[in-house]
Every structure is written in structure tokens, then in C-alpha cells.
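The values are calculated or read from the model by the stated rules, or taken from the named source; none is laboratory data. Quick caveat, the model's predicted, so the values are computed rather than measured. Please note: Cβ atoms are built from the backbone with ideal geometry, for glycine as well, and neighbour counts cover all protein chains shown.
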Amino acid sequence: MFHRPEGGLWPALPDSERQPFAWIWLVGLVVVATVLRVLALNQQLWFDEIVTLLDSARKPVWLIITQYGGQNQHTLYSVLAHGSIRLLGEQPWTLRLPAVLFGVASIPALYSFGRLVAAGREAVLASALMTVNYQHVWFSQNARGYTGMAFWTLLASIFFIRCASRGSRRDWMLYGVTSALGIYTHMMMACVVAAHVLLYLWLLASTAGPGRRFSSSFVAPLYGFALCGILSLMLYAPVIPRILARTVGVEREGVRYEWASPLWALAETVRGLRGATAGGLAALAIGGVILLSGLISYWRENRFTVGLMVLPGLVTALVVLATSHNFWPRFFFFEIGFAMLLVARGAMVLGKVASRMMRASEGFGLRAGTALVALMLFASVVPLRAAYVYPKQDYLGAMRFLDAQQQPGDQVLTAGSVTTPYQRYYGRTWTLVETPAPLEAALLSARPAWLIYAMPNSIRASQPEVWNIIESKFTVVRSFPGTLGGGTIYVSKSKGYSETDNPAR
């Protein structure tokens with residue numbers, strides 16, 4: 001199974017084949033990753049990015065780090081984005097540039113982590129899979145802290161293994177700093193650190209026994225955890241009261257949306273995967289077999305590696321459930337590197353199974369597993385087109401359509417999440433609908449009323465009376481989808497006015 005080297009907690013892996021030209025592959029992957037994440041980077045912003053720009057990135061740094069407006073605030077990302085737009089000018093691509101850099105940096109970070117837990121071939125293949133992965137490209141072009149959190153998670157996991165193997169002062173200091181930066185990028189990174197604490201206790205318990213003596217290096221990760229906690233508290237100190245008020249205090253959001261359910265999250269994840277792989281249920285089933293094969297193989301080889309990959313996601317799920325928070329699948333995006341390693345390992349396992357069934361050589365099994373990954377790489381490239389052709393949310397398309405359709409005297413109203421982009425970013429003075437009154441007044445007019453909205457589930461949950469009027473008195477004239485799940489922009493018109501009533505059409 002596995003053994004521990006003398007003086008270390010982390011089990012040593014069996015010797016694996018060397019990859020003398022791995023650095024060439026890695027450089028090539030970084031170049032490809034950069035190109036894929038720079039293409040169409042200047043597309044229009046979506047809601048969360050607009051809020052990040054308006055409420056964080058445009059402000060001075062001292063305001064970014066001392067104000068907390070809600071969970072949309074990814075502080076370290078906002079600071080980096082502020083520097084980017086100040087240095088290069090305000091454009092969508094400059095706001096997204098830190099996400100691109102974190103996304104590209106995640107490729108060598110995944111390879112480095114992979115070399116600690118797997119063969120060199122698997123580390124390269126996993127890095128290749130993440131290079132062309134649709135979700136990773138999408139988030140790398142999203143001005144939020146999710147690729148940053150994925151990068152810090154991989155880096156912290158590397159230092160965790162080093163600390164648990166032959167912990168040095170340098171390693172635990174790096175672990176503490178890395179983890180604190182991850183938490184400052186996204187607070188859910190604290191769940192990753194909590195999982196590392198549990199894993200470390202598991203490691204200690206597994207080595208406990210009569211006469212077992214621990215060297216001073218065994219407590220090094222504890223210093224790392226403490227350093228992480230101290231640095232995180234120092235970084236967040238100016239806004240801790242506001243964070244508590246917005247998460248557990250009187251300012252906490254009271255509406256429980258349907259996406260607070262893990263069943264909804266599972267359904268959305270399946271839907272997203274089907275769209276990304278374009279392979280339907282058959283591809284999902286095959287992917288599940290590959291993933292499970294990799295998981296079983298890692299468990300047999302080193303169950304603590306499985307803990308390092310899986311525990312952070314489980315802790316995150318428990319925290320989300322315990323706090324009744326919205327169960328966004330993106331909260332688990334940091335697991336993407338681990339998922340790629342599991343897939344790469346699963347492919348190699350299936351290659352070995354095929355070689356045994358055919359009574360072929362071990363080399364044939366390696367080639368078969370590599371060929372399976374190559375097929376997955378090819379399949380992953382196909383859905384990337386959507387990320388370059390379509391925006392995440394098509395605010396501009398809906399606005400231009402409405403400008404062409406409306407006539408003098410027509411009223412235009414906005415409901416839900418589209419209000420902030422149109423009023424504060426695009427400078428439109430359209431009427432905001434927060435209660436039924438504006439809708440009722442518009443319906444009494446002799447002229448048609450136009451309503452533009454998005455996220456109907458949110459309106460239905462938070463403004464049920466408003467939604468009842470929208471549903472009964474308005475007809476959708478045109479919808480403008482984007483790559484964001486559920487982010488379609490709807491342009492509707494009050495009933496009683498057909499589209500032929502408008503000569504501009």
C-alpha cells in the first residue's frame with residue numbers, strides 16, 4: 001500500500017517513472033492556457049463583475065480593504081483588479097486580468113502538486129486537461145476570485161505535504177502565508193484550511209502508538225495553521241464587524257432561494273457538465289467511471305491524498321448547509337485541479353485494465369490510458385467555442401434591441417439584478433421596480449410598457465407580488481442568453497400590444 005519515510009508523517013509514494021522533458025510540456029501548456037484565456041477577454045461584463053468594478057475595483061485601495069459590502073467582495077482580487085485598471089486603463093479585459101493570471105498560474109501549480117502524489121505522466125495529463133477545460137477557461141475570464149482560490153488551494157496543499165513530510169520552518173511559514181492569501185481572496189478558503197487541520201489530526205492519529213515519538217518537525221504544520229489564522233484576522237480586522245453583521249447578524253439576507261438546496265446545485269452541475277462536454281448522459285456516465293476509478297486507485301495507494309482532495313469540498317458543503325447559504329456550484333470550483341488528477345489517474349487505471357484483458361504489455365496500458373486522456377482533451381476543446389462567441393450575460397444585446405423597438409412615450413422598467421448594470425454602469429434612467437406600484441402605474445398608461453429583467457427565480461422568491469404581475473401582464477418579446485447558467489436577459493412587453501404595434505420593428 002504505502003509507507004512513511006523515517007521522520008515524516010506523510011506516506012511516501014512508490015517510485016514512478018521520470019519525465020525528463022516534462023518542463024517542455026509544461027511550458028507548452030502554459031502558452032496554450034494563456035492563449036485560450038486571452039481570446040475574447042474583452043467581452044461585456046456580467047452582473048457580479050459589474051458590482052466588483054463599481055463597488056470595489058474603482059475605489060481607492062484603502063477603501064477596498066476597509067469596507068465590506070457583502071459576499072461579492074473578494075478583497076485581494078479587488079485590490080489586484082484596482083491596480084490593473086489604474087495601470088492599463090478601465091476595460092473589461094483589465095478588470096479580468098488577475099483572474100487570467102491566476103488561471104494560467106494554476107497549470108504549473110497543479111503539475112507541482114501532481115508530482116507529489118502521482119506519476120509524472122499523470123501530472124502532465126491532468127495539467128493538460130485543466131488547460132482546455134471549459135469551466136476553468138470560463139472562470140479565468142471572470143473578474144472574481146475563484147481562479148485565485150483554486151491557485152492558493154493547490155499551493156497550500158503542496159506546502160501541507162511538505163510540512164507533513166519533513167516540515168521545515170520555511171515550509172510552514174509558506175503554508176501560513178499562502179493560506180491567508182487564499183482566505184483574503186475568498187473567505188470560503190477557510191474551509192480548505194479547516195479540512196487540512198482535520199487531515200493533520202488524522203495523520204497524527206494514524207501514527208500514534210506505544211513508544212512512538214514525534215520529532216519537532218511534526219508540529220510545524222500547527223505553526224502554519226496559527227500563522228494563517230493570525231494573518232487572516234489581521235487582513236480582515238477592519239471589516240470583521242461588517243462581515244458578522246452580513247453573515248450572522250441583523251443584516252443577513254432573509255430570503256431562502258431554491259438554489260440554497262444541494263439538490264439544485266447537483267442538478268445545475270449536471271446541466272453544466274452536459275453542456276460543457278456535449279456528450280450527454282453517456283459521456284457523464286463514462287466520466288463518472290473514470291473519476292471513480294481514479295478515486296479508488298488513490299485510496300488504495302494513499303488514503304491521505306484522497307483526504308487532501310476530498311475533505312475541503314466536504315467541509316465546504318457542511319458549512320454551506322449549516323449556514324443555509326445559497327449552494328452555488330462555484331463555491332467548489334477550487335476542487336477542479338484535484339478532479340483533473342482523479343480523471344488522469346482513472347484513465348491510466350482503465351488503460352491497465354484493458355492491457356490485462358488483452359494480455360498486452362504494461363507499456364500498452366500506459367499508451368491506452370494516455371490515448372483515453374487525449375480523447376477527453378479533444379472533446380473538451382469543442383465547448384470552448386461558446387466562451388468566445390457568447391458573453392456571460394448579454395446586457396448590451398438586450399439594451400440595443402430595446403432601443404430599436406421602443407417608441408416615444410413608451411415606458412421602460414427594470415426588475416431584479418439587471419437594475420444595477422443598466423442604471424449604475426450603462427447610465428440608463430429606466431424605472432426601477434421594487435414594489436407592484438410602478439408596474440401597476442405603467443399598465444394604466446395608454447402607451448406600451450417594456451420590462452427588462454433577469455434571474456426570474458430570484459424575483460419570484462424575493463418579490464412574489466411583483467412576479468405575479470410580470471407573469472400575468474407581460475409577454476416576453478425576446479430573450480438574450482449567455483454562458484452564465486440562469487443569466488438570460490428577458491425583454492418583455494405589456495400584454496395587449498402586439499409586436500406589429502411597433503413600426504420600428
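Here are the numbers for this structure:
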read-out	value
Boolean, F102 is assigned by TED's automatic domain parsing to the domain that holds D48, in contact with an Asp or Glu (Cβ under 6 Å, 6 or more places away or on another chain) and surrounded by 23 or more Cβ atoms within 10 Å (Cβ to Cβ)	no
Single residue of L101, L87 found to be under 16 Å from the mean Cα position of the chain (by Cα) and without any contact (Cβ under 8 Å) to a residue 60 or more places away in the chain	L101
Residues that are free of Cβ contacts under 8 Å to residues at least 60 places away in the same chain, within 16 Å of H196 (Cα to Cα) and surrounded by fewer than 24 Cβ atoms within 10 Å (Cβ to Cβ), drawn from the stretch 121-175	L155, I158, R162, D171, M173, L174
Some residue of the stretch 466-474 being aliphatic (A, V, I, L, M) and assigned to a loop (DSSP other than H, G, I, E, B)	no
Residues located in the stretch 399-433, provided they are free of Cβ contacts under 8 Å to residues at least 24 places away in the same chain and in a helix (DSSP H, G or I)	R400, D403, T419, Q423
Single residue of the stretch 58-79 satisfying the filter (in contact (Cβ under 8 Å) with a residue 60 or more places away in the chain and hydrophobic (A, V, I, L, M, F, W, C)) that is nearest to T147 (Cα to Cα)	L76
Matching residues in the stretch 449-466 - criterion: being of a type outside the set (S, T, N, Q) and either within 20 Å of P481 (Cα to Cα) or in contact with a strand residue (DSSP E or B) (Cβ under 7 Å, 6 or more places away or on another chain) (or both)	A449, W450, L451, I452, Y453, A454, M455, P456, I459, R460, V466
Residue, farthest from the chain's Cα centre (by Cα), within the stretch 434-445, restricted to residues that are surrounded by fewer than 15 Cβ atoms within 10 Å (Cβ to Cβ) and in contact (Cβ under 8 Å) with a residue 24 or more places away in the chain	S445
Which numbered condition T66 fails, given (1) surrounded by fewer than 24 Cβ atoms within 10 Å (Cβ to Cβ); (2) hydroxyl-bearing (S, T, Y); (3) modelled with pLDDT of 95 or more	(3)
Filter result for the condition that a residue is over 22 Å from L222 (Cβ atoms) and either part of a helix (DSSP H, G or I) or touching a strand residue (DSSP E or B) at 6+ places or on another chain (Cβ under 9 Å) (or both), over A126, A205, A156	A126
The listed residue being in the same structural domain as T147 (by TED's automatic domain parsing) and either of a type in the set (D, E, K, R) or over 20 Å from L155 (Cα atoms) (or both), out of L311, L350	L350
